[in-house]
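Single-structure report; data block below.
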Amino acid sequence: MLNIVLFGPPGAGKGTQSQKLIEKYGLIHLSTGDLLRSEISQGTELGLKAKGLMDAGLLVPDEVVIGMIESKIADNRSAAGFIFDGFPRTVPQAEALDQLLEKYDQGISCMIALQVDEEELVKRLLLRGQTSGRPDDADETLIQKRVQEYNTKTAPVANYYAQQNKFYAVDGIGEIDEIFAKSCEIIGACQVALNK
């Protein structure tokens, strides 16, 4: 099974690349945002718990998010693999994900980090803000705050996977297909290593 963590700051191009990887490798997309919305709309126990917290302006705790991920994995045991998008965001989440995957005799195959400098991210997000309707994409101060938040909280996750020799950086600036080709090369190398 191929399990990929797709990593990068807001505006790095994760959405675009994850779609292409899903199509090529037949992976199931695990976006924590989508999972939360889906569980809430279905009125599941986890969804109701998450909604209560979100309505109170609180963050959904890791164990609730991990619970949602586990139910998705359990429902898709015969899948070719998963692409984790927007998760894990912290080292404790990465550790919890490793423990969860071990229960299913699985692990993370590799982490692909799309690297884009801050100036380019701000430019991309402001551009996206003109069409996305998301207020957090239209305000430069908010964008810089999001990038800063990513750098302080999420970047240590890269070190976590680097210690496991699973971290691969890809330049996120350039043609979409070039970036995709580099990601595919990395995945190919990971698959060879996994099959040894």
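The values are calculated or read from the model by the stated rules, or taken from the named source; none is laboratory data. Remember, it's a predicted structure, so these values are computed and weren't measured experimentally. For neighbour counting, all protein chains shown are included, and Cβ atoms are generated from backbone atoms with ideal geometry for every residue, glycine included. The area values use the complete protein model at the heavy-atom level, side chains included, leaving out ligands, DNA and RNA. Shrake-Rupley method; radii C 1.70, N 1.55, O 1.52, S 1.80 Å.
Annotation for Asp34 and Asp75: the two label points, set 7 Å from Cα along the Cα-Cβ direction, are 1.2 nm apart. Classification of the chain by its C-alpha gyration tensor yields an oblate form. The axis ratio a/c (a ≥ b ≥ c) is 1.5 or more, and b/c is at least a/b.
Considering only protein heavy atoms and a 1.4 Å probe, what is the carbon-and-sulfur percentage of the accessible area of region 1-133?
Carbon-and-sulfur percentage of accessible area, whole number: 49.
The dipole here belongs to the chain: it is taken about the Cα centre, uses +1 on the Cβ of Lys and Arg and -1 on the Cβ of Asp and Glu, and is about 240 debye. Judged by a Cβ-Cβ distance under 4.7 Å, the unpaired cysteines of the chain are Cys184.
The mean sequence separation of alpha-carbon pairs under 8 Å and at least six residues apart, normalised by the residue count of region 1-75, gives a relative contact order of 20 percent.
With contacts taken as Cα pairs under 8 Å at a separation of at least 6 residues, the chain carries a relative contact order of 31 percent. For Met111, the amide hydrogen comes within under 5 Å of the amide hydrogens of Val5, Phe167, Tyr168, counting only partners 5 or more places away or on other chains and with H modelled in the peptide plane. Karplus-based coupling profile of region 38-44, in residue order and whole Hz: 5, 5, 5, 5, 7, x, 5, with θ = phi - 60° in 6.51 cos²θ - 1.76 cosθ + 1.60 and x standing for Gly or Pro. Which value in nm describes the separation of the simple spin-label points at Gln42 and Lys123, placed 7 Å from the Cα toward the beta carbon? Those two pseudo-labels are separated by 4.2 nm. With only the Cα atoms considered, region 1-104 has a convex hull volume of 107 Å³ per residue.
Here, region 77-167 is characterised by an Rg to Rh ratio of 1.06, where Rg is the alpha-carbon radius of gyration and Rh the Kirkwood radius. Once backbone amide H atoms are built at 1.01 Å from N, Leu2 has Gly81, Phe82 as its partners under 5 Å, excluding neighbours fewer than 5 places away on the same chain.
In terms of its C-alpha gyration tensor, region 21-82 comes out prolate, because a/c is 1.5 or above and the ratio a/b outweighs b/c. Placing unit charges on the Cβ atoms only, positive for Lys and Arg and negative for Asp and Glu, gives region 96-196 a dipole magnitude near 320 debye about its Cα centre. Label zone (Leu194, point 7 Å along Cα-to-C-beta; backbone nitrogen cut-off 19 Å) within region 38-70: 69-70.
For His29, the residues 5 or more places off, or on other chains, whose built amide H falls under 5 Å of its own are Ile83.
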